[in-house]
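We did not get these values from a lab; they are worked out from the coordinates using the rules stated. Here the structure is a predicted model, which is why all the values come from computation and not from measurement. Here the Cβ is made from the backbone with ideal geometry for all residues, glycine too, and neighbour counts use every protein chain on show.
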Amino acid sequence: MKHEETVKLIGLLVVAYPSYDKFKDESHLRSTVALWDQMFADDDFRLVQLALEKHIATSKWPPSIAELREIMADIQLPGLLPVDEAWRAVTKLMSIHERLYGPATEHLPGPIAQALDTVGYSHLIELHRAAARGQGSKAGLDRLAFTQAYEPIRARAREQAALPGKLQQRLERARQHYSDGSEGLIL
C-alpha cells in the first residue's frame, strides 16, 4: 500500500469516528499514518480498505491494526471456517461416508481436514454413533473432540495470515537463528 493510500484510509477513519479524541491531535494522526505505512506496506490497498469498511460498518470504535489484519485474514482464507460451520461440514461428511478412503483434504478444506486427521475419522464416527444410540455420557464428545483439535489449528492459521509479509520473513529468520545458532540471519 502506498503512503497516499494510507492517508486516504486514515482520512476515512477520521470521518467515520468523528468523536474519537485522538484523531483531533495532529501529531497522533502523523504517528498513526507512519505506523499504518509500516504495518500495511506489503498489502493490497483494496483489501485493507475492504477490511476497514467492514470494521466501520460493524463497530462503534476505531480499529486496532490487529483487528484489521484479522478481518483481512478472514477475507483471504475463506476455507478457514468458524468452529460451528466447520463442525457442520464434518457432520455432513459423516452422514455421507462411514469411512474415508483417501485423504480428508479431498472432502474438506485443509485446516478442517487436519483437525479431522488429528482426532481420527473412525474415532469421531464411533463417538457420533455412541451419541446417536443414546449413550448419554457420549453425547457431544464427537463435537468436543473435533473442536479441541480445530480451534488451535484455526487460531495458528489466522495469526499467520494476519502477519505482514516482512514480519513473517523476519520471524522465520529469527526461528532459524535460534534453531541453528547462525546470528547473521537476523536483521
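State to the nearest 20 debye the size of the charge dipole of region 1-92 about its Cα centre, where the only charges are +1 on K and R beta carbons and -1 on D and E beta carbons.
That gives region 1-92 a dipole magnitude of about 220 debye.
Give me the angle, in degrees from 0 to 90, between the Cα long axis of helix 83-96 and the longest principal axis of the Cα atoms of the chain, rounded to the nearest 10.
30
Can you run the Rg to Rh ratio on region 27-130? Use alpha carbon positions and the Kirkwood inverse-distance Rh.
1.19
What ³J(HN,Hα) values, in whole Hz, does the Karplus curve 6.51 cos²θ - 1.76 cosθ + 1.60 give for region 122-132 when θ = phi - 60°, with x put for Gly and Pro?
5, 5, 5, 4, 5, 5, 5, 5, 4, 5, 5
Using the alpha-carbon atoms, what tilt in degrees (0 to 90, nearest 10) does helix 65-76 show relative to the longest principal axis of the chain?
50
Which one, (i) 29, 28, 16; (ii) 41, 23, 13; (iii) 45, 16, 15, gives semi-axes √(5λ) of the Cα gyration tensor in Å as derived from the coordinates shown?
Calculated semi-axes √(5λ) of the Cα gyration tensor in Å: the matching label is (ii).
What percent do you get for the relative contact order of the chain when only Cα pairs under 8 Å and 6+ apart count?
Relative contact order comes out at 19 percent.
Once both axes come from the Cα atoms, what is the angle between helix 45-58 and the longest principal axis of the chain, in degrees from 0 to 90, rounded to 10?
The angle comes out at about 80 degrees.
Once every DSSP H run of n ≥ 4 in the chain is given -39500 (n - 2.57) and the sum is divided by its residues, what mean residue ellipticity at 222 nm do you get, rounded to the nearest 500 deg cm²/dmol?
Using -39500 (n - 2.57) per qualifying helix, the result is -22000 deg cm²/dmol.
With +1 on each Lys and Arg Cβ and -1 on each Asp and Glu Cβ, and nothing else charged, work out how big the dipole of the chain is about its Cα centre, in Debye to the nearest 20.
460
Using a cut-off of under 18 Å, list every residue of region 43-83 whose amide N is near the label point 7 Å from the Cα of Asp25 along the Cα-to-beta-carbon line.
Flagged as within label range: 62-65.
What does a probe at Lys2 reach in region 22-65, counting residues whose amide N is under 19 Å from the point 7 Å along Cα→Cβ?
Output list for this probe position: 33-50.
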